[in-house]
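Quick notes on the structure that follows.
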Amino acid sequence: MVRGNLQDLELTKSAPQGTTIVRYEDDATANTALIAGQVDAIATPSTTVKTLATRNPAKDFEVKFVVKVQPLAIGMRKNDENLAKWINAWVEKNTSSGQLNQIYTKWMGLSLPDMKKVAEEARAIAQ
């Protein structure tokens with residue numbers, strides 16, 4: 001994994017005793033180590049796994065487990081209530097119809113996480 005990133009922090013806390021963790025200075029070096037077979041697995045964002053799998057189909061890369069779901073947000077001007085209402089309505093509509101999950105799966109390579117759980121975790125972190 002890349003030294004000092006979110007995956008490093010989370011896996012260092014939770015890796016089973018005896019796990020060998022190799023830290024690289026950047027994503028490119030970690031990715032190259034995986035492609036070259038120098039390591040068995042890497043901890044990286046799911047979008048990177050999707051890209052690696054697409055570009056190296058013979059390697060049969062896949063997400064084995066999610067280390068941590070990171071909440072993402074939409075930034076907008078403070079107090080822009082009309083835009084906030086429109087975005088919230090769009091997210092609600094497309095979540096209910098399954099369209100948001102289809103979009104997320106297309107670009108991220110796995111299903112949309114439980115949004116309520118992610119929101120609760122984000123609120124807990126913010127407090």
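The values are calculated or read from the model by the stated rules, or taken from the named source; none is laboratory data. Since the structure is predicted, the reported quantities are computational estimates derived from the model, not experimental observations. A quick note on method: Cβ atoms are made from the backbone with ideal geometry, for glycine too, and the neighbour counts reach across all protein chains shown.
Selection of region 70-104 for residues being among the aromatic types (Phe, Trp, Tyr) and within 27 Å of Thr44 (Cα to Cα) yields only Tyr104.
So that you can scan it fast, the table gives a plain yes or no per residue for (1) loosely packed, with under 13 Cβ neighbours inside 10 Å; (2) touching a strand residue (DSSP E or B) at 6+ places or on another chain (Cβ under 7 Å); (3) modelled with pLDDT under 90; (4) in the same structural domain as Tyr104 (by TED's automatic domain parsing):
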site	(1), (2), (3), (4)
Gly18	yes, no, no, no
Tyr24	no, yes, no, no
Asn31	no, no, no, no
Asp40	yes, no, no, no
Ala43	no, no, no, no
Thr48	no, no, yes, no
Leu52	no, no, no, no
Val67	no, no, yes, no
Leu72	yes, no, yes, no
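Does Phe61 satisfy being among the aromatic types (Phe, Trp, Tyr), within 19 Å of the chain's Cα centre (by Cα) and surrounded by 12 or more Cβ atoms within 10 Å (Cβ to Cβ)? Spelling it out, Phe61 is indeed among the aromatic types (Phe, Trp, Tyr), within 19 Å of the chain's Cα centre (by Cα) and surrounded by 12 or more Cβ atoms within 10 Å (Cβ to Cβ). For region 28-62, a tally of residues being over 21 Å from Ser111 (Cα atoms) and among the acidic types (Asp, Glu) returns 1.
Whenever a residue of region 28-41 is touching a residue at least 60 places away in the same chain (Cβ under 8 Å), it has no partner that is of a type outside the set (S, T, N, Q) lying with C-beta atoms less than 9 angstrom away and at least six residues away or across chains.
Each row is one residue, and each column tells you yes or no for (1) of a type in the set (Phe, Trp, Tyr); (2) at pLDDT 90 or above; (3) under 19 Å from the mean Cα position of the chain (by Cα).
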site	(1), (2), (3)
Asn88	no, yes, no
Thr95	no, yes, yes
Gly98	no, yes, no
Ile103	no, yes, yes
Trp107	yes, no, yes
Asp114	no, no, yes
Lys117	no, no, yes
